[in-house]
Amino acid sequence: MWPCWREKKEKEWGWAVDGDGKIEAVGLDSEIDAALQGCTFDHVIDASGQCVIPGLVDAHTHPVWEGDRVHEFAMKLAGATYMEVHAKGGGIHYTVDCVRRASLDQLYTSLDRRLTAMLTTGTTVVEAKSGYGLDLENETKMLRAIERAKREHAMTISSTYCGAHAIPKLVHFMRFGIDPDYIELISMEYHRKHGRGCNSRRGKCPDPALRELCATGELSIDNIDVFCEKGVFDTDASRRILSTGKDAGWKLNFHGDELFPMNSGELAGELGAHAVSHLENVSVAGIEAMATANTVAVLLPTTAYILRLQHPPARQMIERGVAVALGSDFNPNAYCMSMPLVMHLACVNLHLTMSEALAAATINAAASLGLSESHGSLEIGKNGDMVIINSARWEHLVYQLGCHNQLIKYVIKEGKIVH
Ligand code: NIG
Ligand code: FE
């Protein structure tokens, strides 16, 4: 045991973190002294009169991309819907064009900058998706950028393969709508047919080449995602893609019931998904299925706000016993990296209490990624990720709209001050 530092707070509660970055003791100063008798501390933070909360967990982001979409924001403000912009070749398609032109280094540089910005707002764990490549080469490029960040950046990252984020534009327009062969493309059968080394059984894996890279340790994919939406991937297609992802050992964590009811909640229950995001149009049966299957609902209040959508029925979910988590949904459509702002919107628009918003942005978000044993709360043995708030009440972080800069004194990641 080698405690490297200790912090104190009001009423002399404290946390001690050991040399491995794990929490060694939690409790009153006197209890910590008793538990860690004879230990020396490398660093002691006096947080008297301040608050300490667990590091925030952002359960849903698309942080790898080039080219912003500020021009589309203007179109949407003028009345265009998300799907109207998408159908005209904008939206995800626009970002795919930019990502395909970008080098891995370019993508990594902007990802690294964004992760650092997220850390400054208190986020210490983030889910990060691919999904702007839509072919093997470019999805792999995105996943390699995420992998490099996993190894080099202080942020803990849960990586998600989202090759089923949209139907690639060429296919989409050539076939005038949904391509009946699109699952084949996403399952990378397309590449197999074209002799690119994917020789696994038809439809068995969303991407045999990616699976191979995981086997050699070059990549580590944690989750698989699909945009289960009218005009994108319908429920049956989503089922096929998610099922093959499950075969690959990836956790199911997908976009569902956002713009139209798609029975995504029911699908999550049927497949035993870890999490479903959005859920603005989830059905009562879908909520029921998620509750039974312990699927976490990842709610994204920035997206509903920006697109002026109806809000997801958060209270109904909570009342039915579904664990509700929060994500920023950071992407070129919803340009928000701040979980404190997301928590604020969740309270005002989704009717969460501030305590529920804190649980949703910490332990429940960690659970949506299968990380609740190691992250999301201040408990002995868990990672020493925390945020010290320069106020006697942590609620100020939610109440003071957009003021995290003044309120966050330190962000601690595995026992080290990172901001
Ligand atoms: O979660 N809905 C699909 N995916 C993203 C948006 C991605 C984009 O528009 O670039 C979302 O909101
Ligand atoms: Fe998303």
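What follows is calculated from the coordinates using simple rules that are stated; it is not laboratory data. The shown structure was predicted, so the numbers you read here are calculated from the model rather than taken from an experiment. Every residue, glycine as well, gets a Cβ built from its backbone with ideal geometry; the counts of neighbours run over all protein chains shown.
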Can you give the angle from 0 to 90° between the axis of helix 339-350 and the longest principal axis of the chain, with both taken from C-alpha atoms, to the nearest 10?
70
Distance in Å, no decimals, from the C-alpha centre of the range 226-288 to the one of the range 322-352 is 20
Degrees, to the nearest 10: 92-101 long Cα axis against longest axis of the chain
80
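Sort 276, 96, 284 by Cβ crowding within 10 Å, fewest neighbours at the top.
Numbers: 276 29, 96 23, 284 11.
So the residues, fewest neighbours to most, are 284, 96, 276.
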Testing the spin-label approximation: label points 7 Å from Cα along Cα→Cβ at residue 137 and residue 319. State their distance in nm.
5.3
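I'd like to compare 297-310, 322-335: which one has the highest average count of other Cβ atoms within 10 Å, and what's the full order after that? Don't skip to the end; give the middle numbers.
Values: 297-310: 22.2, 322-335: 24.9.
Averaged packing, sorted descending, gives the order 322-335, 297-310.
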Considering only lysines 8 or more places apart in sequence, or on different chains, count the pairs in the range 56-368 whose C-alpha atoms sit under 19 Å apart.
14
Rounded, prolate or oblate: which fits the range 293-419, taking a ≥ b ≥ c as square roots of the Cα gyration tensor eigenvalues, rounded meaning a/c under 1.5, else prolate when a/b beats b/c?
oblate
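Could you please rank 86, 311, placing first whichever residue has the fewest other Cβ atoms within 10 Å of its Cβ?
Least to most surrounded, the residues fall as 311, 86.
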With R₀ set to 60 angstrom, the calculated FRET efficiency between the beta-carbons of residue 235 and residue 403, to the nearest 0.05, is 0.90
For 356, 379, 127, what's the fewest-to-most ordering of other Cβ within 10 Å of each Cβ?
379, 356, 127
Shape of the chain from its Cα gyration tensor (a ≥ b ≥ c, root eigenvalues): rounded if a/c is under 1.5, otherwise prolate when a/b > b/c, or oblate?
prolate
Of all beta bridges DSSP finds with both residues in the chain, what is the antiparallel percent, to the nearest 5?
40
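Based solely on its DSSP helices, what 222 nm [θ] is calculated for the chain when runs of n ≥ 4 H residues each add -39,500 (n - 2.57) and the sum is averaged over all residues, nearest 500 deg cm²/dmol? Mind dumping the intermediate values first?
Details: 20 runs with 166 residues, N = 419.
Using -39500 (n - 2.57) per qualifying helix, the result is -11000 deg cm²/dmol.
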Compare the peptides 43-51, 148-156 by average per-residue count of other Cβ atoms within 10 angstrom and give them in order, highest first.
148-156, 43-51
Roughly what angle does helix 235-247 make with the longest principal axis of the chain, taking Cα atoms, 0 to 90 degrees, to the nearest 10?
60
